[in-house]
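Student: I am attaching a structure below and will ask some questions about it afterwards.
Every number in this text was worked out from the coordinates using simple rules, so none of it is lab data. In this text the structure is predicted, and so the values were computed from the model without any measurement. As a convention, Cβ positions derive from the backbone with ideal geometry for all residues, glycine included, and neighbour counts pool all protein chains shown.
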Amino acid sequence: MNTGEIIKYFRLARNMTQEQLAQDAEISFSTLRKYEANERNPKYEQLSKIADALGISVHLFMDFDIQSVSDLFSILFKMEGQADLEIATSKDLADLSEDALFLHFKNGYINHILGNYHASVESIQDMDAQYREKALSEIQNRLLDDNSSIHTDSPALSADSGKPALSLSSADQTWFELSSDCSDEEKEQMIKAAAFIKSCLRHSDK
């Protein structure tokens, strides 16, 4: 995806209109519209503001074009050096086996989250294909919202660590079902309608 497509993808994933994102990122609506249409390329400063407004890392706009073994291992070696990644094999095996290779991090929190991610992906396998792809994107977006440092002590793990922390709520699943066959324009209208209803509900509570 190009930069404009990435902005649009995460904006829709956050159920935000172009007007809302432009306001939160402190850029003009017309400028954001040109970014999404790929008519203009935002500078780093604008990308940083947009990333902050979307709650994602600005590094997500960087394209990792992995085409070769060299491309892949250059990333793995960086993760090994900077994120304490370990490429290991089962200690029960005397010989190195391709089937027994696995990736492991010294940071227990990362391993915990990876385990939850795997369990959550398994939990949506029985969903219809049209919903499963959207559900997977939502699960991945929740991981992208986690800005915990990989170089500090791990956050305290939940006592209910066996339960997938990334599983979808019934409301999320309903949204996927309702919006699965909608165009981007229809989704924009749905988001605006939801924002209006939210405003009315909160106003009625006062």
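Student: With the crude spin-label approximation of a point 7 Å out along Cα→Cβ, what separation in nm comes out for residue 183 versus residue 150?
Tutor: 4.1
Student: Can you give the FRET efficiency for residue 200 and residue 126, using 1/(1 + (r/R0)^6), R0 = 25 Å, r = Cβ-Cβ distance, to the nearest 0.05? Don't jump to the answer; show the numbers that get you there.
Tutor: Numbers: r = 36 Å, r/R0 = 1.45.
With a Förster radius of 25 Å, E is 0.10.
Student: Moving on. Contour minus end-to-end for residue 1 and residue 58, with contour as 0.36 nm per residue of separation and end-to-end as the Cα-Cα distance?
Tutor: 19.0 nm
Student: Further question: Could you please rank 101, 54, placing first whichever residue has the fewest other Cβ atoms within 10 Å of its Cβ?
Tutor: 101, 54
Student: Which value in nm describes the separation of the simple spin-label points at residue 41 and residue 29, placed 7 Å from the Cα toward the beta carbon?
Tutor: Taking the simple label geometry, residue 41 and residue 29 are separated by 2.8 nm.
Student: Holding the Cα-Cα limit at 29 Å, pick out from 43/198; 49/78; 34/134 the pairs that are longer than that. Can you show the working numbers first?
Tutor: Details: 43/198 34 Å; 49/78 27 Å; 34/134 26 Å.
Too far apart for the 29 Å limit: 43/198.
Student: For residue 72 and residue 136, compute 0.36 nm times the residue count separating them, minus their Cα-Cα distance, and round to one decimal in nm.
Tutor: Once the chain is fully extended between residue 72 and residue 136, it gains 20.7 nm.
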